[in-house]
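Let me begin by presenting the structure, written as structure tokens, before commenting on it.
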Amino acid sequence: MSQEKTKTAEASVPFWKEMFSAKNMKLLSRPFGSENPVTVQVLGICSALAVTAKLQPALVMALSVTVVTAFSNLIISLMRNSIPPRIRIIVQLTVIATLVILVDQVLKAVAFEVSKQLSVFVGLIITNCIVMGRLEAFAMANKPWPSFLDGIGNGIGYGIILVIVAIVRELLGSGTLLGHQIIPSCFYEAGYSNNGLFILPPMALILVGIIIWIQRSRNRNLIEK
Amino acid sequence: MLRNFLDRIKPKFEKGGKYHFLHSTFEAFESFLYVPDKVTSIGSHVRDALDMKRTMIVVVLALVPCFLFGTYNVGYMHHATVGVEAGFWQNFWFGCTKVLPMLVVSYVVGLAIEFIFAQVRGHEVNEGFLVSGFLIPLICPPDVPLWMLAVATAFAVIIGKEVFGGTGMNIWNPALLARAFLFFAYPSQISGDKVWVADAVSGPTPLSHIAAGEINALPDLQTLFWGFIPGSVGETSKFCILLGAVILLWTGIGSFRVMISTLAGGVLMAWIGGLAGSTGASILQHILSGGFLFGLVFMATDPVTSAQTGTGKLIYGFLVGLMAMLIRIYNPAYPEGMMLAILLMNTFAPLIDYLVVGRNMARRRKRLVLASKKA
């Protein structure tokens, strides 16, 4: 009796409720923390070094990568049963490249200044290991909707780290956030000066390292043997 | 009296005591004040009077001449530039007001971080920072703002040392890392070419004369040797550095292999640079100016971050000297190359050791094969 009841209840669940079920939501939120692509899987480090000297390009980069991972996951997942396994990498690259060119063109049209700052790094999303990694690890074996969520989740997980690093670097390196002066001028008069090391790429690496350190001392399961 | 006091409060810090969580702090103060009474009771062990505490203290003693002269020189340069006639004690006193705050900041910040980490990780505080904390003010120009010094010290201790597991595990020399941090973070304050000599007056160091090709503006060799020149606190007097070197070599703490090969590398590169016409300064002028000798005696020989094997030390030192002069002569952005050269070779020291040990093993294996063939 009770079993029947649950069955009917399940059947009558509206599709949007199933779409945002706990399992699917987990796909979205796991990459934020315990499966973070940057700090746990250590992917996408190169662009994290390159675009995080200022907050604005980091935000745009995070958004671009999220769009590319989400839609390439979706498209590949839709095609996953018809892609011959031997040429799957080429097919994946074609899809990613198409999306990256789209993103690049949109950025050039909408935000030309930022696009100039990001220069080659938008184009280099094609080689971002996170995109390819998610296609291989998730989209090739899962349905389109979960793949889409997984793509968004990983894009945001990457973005979070980028934004944290960029906030610290811009604040301490230039004293600004999004170009606005944050550190008051009376600090400078008292002898404070901007830390030039934070503008240089090595500091991004050190900051990512510190984030990894903090994360692993809070979550001991992540420590490698 | 102090001993009685320590004995009385000791139980409180032992297991089950009230302040057990402060155990390592107590340990540190006790062993700093008295020779630890703990001895190895079982098993074989090497008997030697030289424990880590004593090693560190000897290095600090070797640094004292440089420190005293550096302090005096700060006052001397100041009064000479301002044009005021000043006696010995006046010079020394003025130097103290500049150098002592740097020393205090470096020790307080560094030791505070060391104590916090020791407390959190439950291991003992050891004496490693006594040397680093003494070196940091010696390799900085006397006008570096104290808060910058504090930030640099914190960076060096956390990122250079504690991340790798504390004293003995670090890859880079912590004191040099602090200077490198200052160098890249606040290039306008510390760059190795112009240093403060008096309030609001900065003068070029001998190195900037060399970099600019103004060889005639260089002080004569004697002045360079005795150290009445502007520069970082501890690096100016080559005489005091040699005094320190004698102490280190006599006690066997500093490696003579590293010192000699570093000198050889530096001389060779300065000679090549002179032959190629890239630098106008003579070999002696190069060796005696800047932080070359100071780095050679006190930084390159750091037993933790240099190569460990005998042959490895020779290779390591030679490359340090070579790189230092290479950077100095051929890179116009960096008038001084010693800091970067030592840090670079610190990074490669484990690789050098690995190769040396590997070669030795291969040689012995070959000998074994030959011997067994004969038999």
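The values are calculated or read from the model by the stated rules, or taken from the named source; none is laboratory data. Quick caveat: nothing in here was measured; it's all calculated off a predicted structure. Cβ atoms come from the backbone with ideal geometry, glycine included; neighbour counts cover every protein chain shown. Heads up: the accessible areas ignore ligands, DNA and RNA and are worked out on the full protein's heavy atoms, side chains in. Shrake-Rupley method; radii C 1.70, N 1.55, O 1.52, S 1.80 Å.
Quick notes
- Per-residue SASA remark: B:Leu344, around 70 Å² accessible (1.4 Å probe; ligands, DNA and RNA not included).
- Only the Cβ atoms of Lys and Arg (+1) and of Asp and Glu (-1) were treated as charged; on that basis the dipole of the stretch B:52-360 about its Cα centre amounts to roughly 580 debye.
- Value of Rg to Rh for the stretch B:52-360 (Rh from inverse mean 1/r over Cα pairs, i.e. Kirkwood): 0.96
- For chain A, built as a Gaussian network whose Cα springs stay under 10 Å, the top-fluctuating residue of A:Glu189, A:Glu35, A:Glu136: A:Glu189
- Panel note: the C-alpha atoms of chain A, placed on their principal axes, show extents of 77, 42, 39 Å (largest first).
- Shielding score for B:178-187, defined as the mean number of other chain Cβ atoms within 10 Å: 3
- Protein-only accessible surface at a 1.4 angstrom probe places the residues A:His180, B:His286 in the order A:His180, B:His286, largest first.
- Surface share of carbon and sulfur [accessible, 1.4 angstrom probe, percent] for chain A: 68
- Each other residue within a Cβ distance under 13 Å of A:Asn73 adds +1 if Lys or Arg and -1 if Asp or Glu, for a net charge of +1.
- The stretch B:228-243 - phi-based ³J(HN,Hα) in whole Hz, Karplus 6.51/-1.76/1.60, Gly and Pro as x: 8, 9, x, x, 5, 3, x, 8, 6, 8, 6, 4, 5, 5, 5, 4
- For chain A, the mean residue ellipticity at 222 nm estimated from helices alone is -21000 deg cm²/dmol, where every DSSP H run of n ≥ 4 contributes -39500 (n - 2.57) and the total is divided by all residues, rounded to the nearest 500.
- Counting, for every residue in B:135-147, the Cβ atoms of other protein chains within 10 Å of its Cβ and taking the mean gives 1.
- Among A:Tyr192, A:Met61, A:Pro31 the positive-end extreme of the charge dipole of chain A (Cβ point charges): A:Pro31
- When the residues B:Arg367, A:Arg88, B:Arg54 are ordered by accessible surface, computed with a 1.4 Å probe over the protein chains alone, the sequence from largest down reads B:Arg367, B:Arg54, A:Arg88.
- Highest average packing first - A:21-27, A:204-210, Cβ atoms within 10 Å: A:204-210, A:21-27
- Percent RCO, i.e. relative contact order, over the stretch B:52-360, from Cα pairs under 8 Å lying at least 6 residues apart: 19
- Cut-off 14 Å between beta-carbons: net charge of the residues surrounding A:Val95, Lys and Arg +1, Asp and Glu -1: +2
- Amide H contacts of A:Leu177 (H built 1.01 Å from N, under 5 Å, at least 5 apart or other chain): A:Ile182
- For the stretch A:178-194, backbone phi angles converted through the Karplus equation (6.51, -1.76, 1.60; θ = phi - 60°) give residue-by-residue couplings of 6, x, 8, 5, 9, 6, x, 5, 5, 4, 5, 5, 7, x, 6, 9, 5 Hz, Gly and Pro being listed as x.
- Gaussian network model of chain A, Cα within-10 Å springs - most flexible of A:Gln181, A:Gln92, A:Gln117: A:Gln181
- Nonlocal amide H pairs with B:Gly234, under 5 Å, H built at 1.01 Å: B:Ile139, B:Cys140
- Total accessible area lost when A and B pair, probe 1.4 Å, Å² to nearest 100: 900
- Under the span-like rule (Cα at least 20 Å along the axis, Kyte-Doolittle mean at least 0.5), DSSP H helices of chain A: A:55-79, A:88-110, A:144-174, A:201-218
- Residue pairs, from the table B:Lys98/B:Lys238; A:Lys108/A:Lys143; A:Lys26/A:Lys54; A:Lys23/A:Lys143; B:Lys161/B:Lys238; A:Lys17/A:Lys143, whose Cα atoms sit over 23 Å apart: A:Lys108/A:Lys143; A:Lys26/A:Lys54; B:Lys161/B:Lys238
- The stretch A:42-215: relative contact order as a whole-number percent, Cα under 8 Å and 6+ apart: 37
- Mean Cβ count within 10 Å, highest first, over the residues of peptides B:315-328, B:134-147: B:315-328, B:134-147
- Residue-count net charge about B:Phe225 - beta-carbon cut-off 15 Å; Lys, Arg +1, Asp, Glu -1: -1
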